[in-house]
1. Kindly write out, for segment 51-68 in residue order, the coupling ³J(HN,Hα) from the Karplus curve 6.51 cos²θ - 1.76 cosθ + 1.60 (θ = phi - 60°), rounded to whole Hz, with x marking Gly and Pro.
2. Order these peptides, 22-32, 50-60, by their mean beta-carbon neighbour count within 10 angstrom, highest first.
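Readers should treat all values here as calculations from the given coordinates under stated rules, not as data from a laboratory. Since the model is a prediction, treat every value here as computed from it, not as a measurement. Here the Cβ positions follow ideal geometry from the backbone for every residue, glycine too, while neighbour counts run over all protein chains shown.
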Amino acid sequence: MNTHTVTITDPSGTVVARGRVTEEQGMFTGIMDLTEMSHDLRAVFDNFAETVSQGVFSRLDAVEDPIRELRLEVVFEDGQRHSTEDLQIFRSGADGSVSFRLAKGADGMSAGTTADGSISDGGAMPDRRGTGIVDIR
């Protein structure tokens, strides 16, 4: 397992959350500080968490779509920036449990950008490719 310090940002670069995640078989899970998350974003993730906790799985697509539309990215301590898949945040006060996978490019490899904006082919980070889904409850 690899542990990373990460920041989750929106497409404009605004910080949404900061924390530490552990990577295992392509799935990242951890605890995030959500104090910088806007109330609107909290509502989106709270709606998702409520749907899951109530077991209303017929509504999952309807509550996951707004999360995908946010196009949130994760920025690793080395400056690599990646789109996410299956991003889940379950709030508990100012903190929250998080899980996500890195989005795959057209070639199936995790692609992202470096701190200077250049494109990473993902090949330098084979441990950051994901395939599993984890229930973090």
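1. In residue order, the calculated couplings are 4, 5, 5, 7, x, 8, 5, 5, 9, 4, 4, 5, 9, 7, 4, x, 5, 4 Hz.
2. Highest to lowest by the protection proxy: 22-32, 50-60.
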